[in-house]
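Trainee: Please find one structure pasted underneath; my questions will follow.
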Amino acid sequence: MITRQFGSEVRWMLRRPRTLIGLFGLILVPIIISFGIWTAGDDGGGGPGLAAIIEGNGMVVPIFTLFLSLNLLLPLVASIWAADGLAGEAQHGTLRGLLVAPVSRVRLLFVKLFGLTAMSLLAVTLMAVVGIIAGTAFLGSDGMATLSGTTLSTGEGLLRIGLFILLVTFQMVSIGAVALAVSSATEHPLVVQAATMVTIIVFQVLGQFSSLDWLHPFLITTGFPGLIDVMRDPIPLGQIGDSTLLAGCYLLIGTGLAAIRLVTKDS
Amino acid sequence: MNKRKVTLAAAAAGVITGATGLSLLAMPAGAGQPPSLPDVSAETLVEQVLTSKPSAFGGTVEVDNKLGLPSIAEIPQLADGKHSARIWTDGNGKLRLALPNGQSEQTIVDDGTTTWSWNSADNEVTKSEHKADEPKPDTGKAETMDPATAAKQVVGLTKEFSDISVDGTARVANRAAYELVLTPKASEKTLIREVRIAVDSELKMPLRVAVLTNGTSEPVGLVGFSEINVGPQDSKLFEFTPPANAKVTTPEAKEEKGRDRMPEMGIEQALQGKDPQIFGTGWDTVVGARIPAEAMTQVPAEAQGMVDRFTKKVSGAWGSGKIFNTKVATVLIADDGRVVAGAVPEQVLFDTIGQVK
């Protein structure tokens with residue numbers, strides 16, 4: 001029963017033209033990055049983090065792309081889906097029908113959360129797959145060189161990419177869950193997107209001030225840079241674990257607030 | 001109606017759990033209850049530390065640095081703040097060291113015959129083979145990052161000049177340890193008040209070193225394991241193959257290229273040179289040297305600017321020069337090229353510099 005609802009939710013999301021346009025825009029990112037580095041050639045080397053080792057190391061492109069996109073692009077996409085999920089339906093008047101239907105409202109929330117998760121996973125995986133193809137095509141690849149100077153075999157590299165896909169998707173879903181809580185409280189999808197993006201940007205700005213370092217452990221954006229540890233060898237699990245736990249707390253808070261709002265909402 | 005209340009309670013519990021989780025994550029990990037260990041005399045413990053065999057281990061080292069050193073781009077780990085490093089050793093001289101620096105990483109691997117030094121920021125590997133006539137490989141940097149080796153050296157060098165005591169126990173990286181305290185004797189003219197070394201109760205290996213100076217209650221420098229697993233390590237960790245696209249250079253070539261970029265090398269080389277002059281013993285040892293006049297004039301203008309920024313001008317009966325103060329050490333550079341340095345107040349340096357030949 002619930003699996004059917006899950007299926008129809010994802011189908012419904014995939015049928016919207018803006019979802020398809022959004023996904024198409026996302027897969028352009030790794031292509032543009034690979035092309036840019038390929039045309040920059042040898043003088044493009046150097047720089048912090050992954051940018052320094054990406055030359056001739058195409059398998060790093062998916063990780064580099066997702067790592068960059070996590071700061072702004074992926075939260076934006078998650079907020080669009082969360083906005084459509086509840087506020088969008090409220091605006092069209094279709095949420096009313098769902099709320100009076102003999103379906104538990106908590107179940108409705110889980111269906112929305114599932115749709116968000118499935119779409120996030122799809123978007124991140126698409127970006128990664130296109131990244132692998134474009135990176136290998138433009139930059140070539142011979143296994144995957146890590147930040148630690150070791151070279152992983154292609155199989156191990158793919159496992160790292162898989163792990164990174166899961167970690168990034170989880171961060172995205174956590175942001176989406178908080179956006180769903182906002183979405184349950186308004187009828188205007190734009191409010192949801194604006195609130196989510198403003199929060200992410202403000203968090204990143206606050207993260208720059210060392211005088212506010214007591215606040216940093218509470219900000220979900222603090223956990224983003226630590227995910228780069230996937231590219232170290234052997235993988236240090238400390239920061240990755242902390243980032244994931246931090247996102248998990250946001251997921252709980254977001255889901256809980258959305259549930260409270262939905263259950264108390266007049267139909 | 002009743003079901004609705006249950007749902008609300010569950011959702012509220014979720015929110016509260018999330019919020020509690022956030023504050024738990026933000027809290028620094030507690031030190032935990034100090035373990036209870038059988039008493040041990042300070043002398044025995046020192047003896048055991050000095051004779052303990054290096055064992056194979058892998059772990060994470062945290063460095064908390066409040067020394068007041070300027071940040072030098074080449075060695076970001078020296079700048080004030082918290083840094084971490086990962087270290088693996090097989091106990092027989094093979095070593096792997098991973099120094100994360102923001103999103104980049106430096107890796108140093110010593111496989112027994114060759115030392116590889118990789119820096120992801122330049123995509124460059126420096127390869128230096130150990131020479132046959134030089135049995136002790138140059139792992140100076142690696143050793144300073146390894147609290148076990150560094151602490152052992154400190155104990156060996158200073159035990160005669162210190163009052164040594166065992167001050168309770170501590171839990172470091174989830175291992176029970178004794179707190180060994182080295183206090184410089186009253187006759188030592190040093191900036192350092194005490195050095196606390198947490199010694200593993202089982203392996204007698206130092207796990208943490210804290211340096212406290214006069215006038216502060218918090219350690220100015222703290223190096224210790226935050227995580228350690230003792231036992232044989234994966235032998236693959238001690239091998240290194242440069243990535244296909246990396247530049248591979250030798251230290252000689254790199255030095256040639258970077259000489260004009262690193263002015264501090266001049267002072268460093270002078271102090272570590274063929275015959276540094278040592279004055280005094282114990283904690284107030286002063287190292288002296290003379291920088292050749294041509295090296296003094298070769299310093300490029302921008303490096304001169306950096307030196308000026310971190311030093312202050314001083315003069316006295318001994319002449320005039322520049323003094324560089326940190327919380328644990330002082331360096332005095334006279335205008336005529338004499339250099340003295342030590343973990344001592346500046347007055348000791350003024351008294352000593354006249355003896356530099």
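The values are calculated or read from the model by the stated rules, or taken from the named source; none is laboratory data. Remember, predicted model here, so these are calculated numbers, not experimental data. Cβ: placed from backbone, ideal geometry, glycine included. Neighbour counts: every protein chain shown. We work out accessible area using only protein heavy atoms, side chains counted, and drop any ligands, DNA or RNA first. Shrake-Rupley method; radii C 1.70, N 1.55, O 1.52, S 1.80 Å.
Trainee: May I ask you to say which residue of B:Val199, B:Val209 is within 18 Å of the chain's Cα centre (by Cα), in contact (Cβ under 8 Å) with a residue 60 or more places away in the chain and within 18 Å of B:Lys53 (Cβ to Cβ)? Walk me through how you get there before you give the answer.
Mentor: Numbers: B:Val209 fails: within 18 Å of B:Lys53 (Cβ to Cβ).
On inspection, the qualifying residue turns out to be B:Val199.
Here is a yes/no grid of residues against (1) open to solvent by 40 Å² or more (accessible area, probe 1.4 Å); (2) under 21 Å from B:Arg86 (Cα atoms):
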| site | (1), (2) |
| --- | --- |
| A:Thr196 | no, no |
| A:Ile201 | yes, no |
| A:Ser210 | yes, no |
| A:Pro225 | yes, yes |
| A:Asp229 | no, yes |
| A:Gly238 | yes, yes |
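Trainee: Here is a follow-up. Residues A:Arg96, A:Arg107: which one is part of a helix (DSSP H, G or I), basic (Lys, Arg) and more than 14 Å from chain B (Cβ to nearest Cβ)? Talk me through it step by step, then tell me what you get.
Mentor: Values: A:Arg107 fails: more than 14 Å from chain B (Cβ to nearest Cβ).
One residue alone meets the criteria, A:Arg96.
Trainee: Hey, another quick one. Condition first: in a helix (DSSP H, G or I), more than 14 Å from chain B (Cβ to nearest Cβ), polar (S, T, N, Q) and touching a Ser or Thr at 6+ places or on another chain (Cβ under 9 Å). Can you find one or more residues in region A:160-170 that meet it?
Mentor: Yes.
Trainee: Tally up the residues in region A:176-194 that are open to solvent by 10 Å² or more (accessible area, probe 1.4 Å) and outside any loop (DSSP other than H, G, I, E, B), please. Steps first, please.
Mentor: Pass one, region A:176-194, residues open to solvent by 10 Å² or more (accessible area, probe 1.4 Å): A:178, A:181-182, A:185-191, A:193-194.
Now restrict to residues that are outside any loop (DSSP other than H, G, I, E, B): A:178, A:181-182, A:189-191, A:193-194.
Residues flagged as open to solvent by 10 Å² or more (accessible area, probe 1.4 Å) and outside any loop (DSSP other than H, G, I, E, B) within region A:176-194 amount to 8.
Trainee: Would you point out which residue out of B:Lys66, B:Lys5 is modelled with pLDDT under 80 and charged (D, E, K, R)? Break it down stepwise before answering.
Mentor: Values: B:Lys5 fails: modelled with pLDDT under 80.
Going through B:Lys66, B:Lys5 in turn, the sole match is B:Lys66.
Trainee: Could you identify the single residue in B:Gly231, B:Gly224 that is assigned by TED's automatic domain parsing to the domain that holds B:Thr183 and either buried (at least 22 other Cβ atoms within 10 Å of the Cβ) or in contact with a Gly (Cβ under 8 Å, 6 or more places away or on another chain) (or both)?
Mentor: B:Gly224
Trainee: Could you grab me the full set of residues in region A:234-251 that are touching a strand residue (DSSP E or B) at 6+ places or on another chain (Cβ under 9 Å) and under 19 Å from A:Leu215 (Cβ atoms)? Full working, then the answer.
Mentor: First, pick out the residues of region A:234-251 that are touching a strand residue (DSSP E or B) at 6+ places or on another chain (Cβ under 9 Å): A:234, A:236, A:238.
Those that are touching a strand residue (DSSP E or B) at 6+ places or on another chain (Cβ under 9 Å) and under 19 Å from A:Leu215 (Cβ atoms): none in region A:234-251.
Trainee: Residues being more than 9 Å from chain A (Cβ to nearest Cβ) and either open to solvent by 40 Å² or more (accessible area, probe 1.4 Å) or at pLDDT below 85 (or both): count how many of those fall in region B:75-100.
Mentor: So the answer is 14.
Trainee: Mind listing whichever residues of region A:204-261 are at the interface with chain B (Cβ under 7 Å from one of its Cβ atoms), farther than 13 Å from A:Ile175 by Cβ, touching a residue at least 24 places away in the same chain (Cβ under 8 Å) and β-branched (Val, Ile, Thr)?
Mentor: Scanning region A:204-261 gives a single hit, A:Ile228.
Trainee: Another question, if that's okay. Of all residues in region A:141-156, how many are surrounded by fewer than 23 Cβ atoms within 10 Å (Cβ to Cβ), more than 9 Å from chain B (Cβ to nearest Cβ) and either in contact (Cβ under 8 Å) with a residue 60 or more places away in the chain or on the phi > 0 side of the Ramachandran plot (or both)?
Mentor: 3
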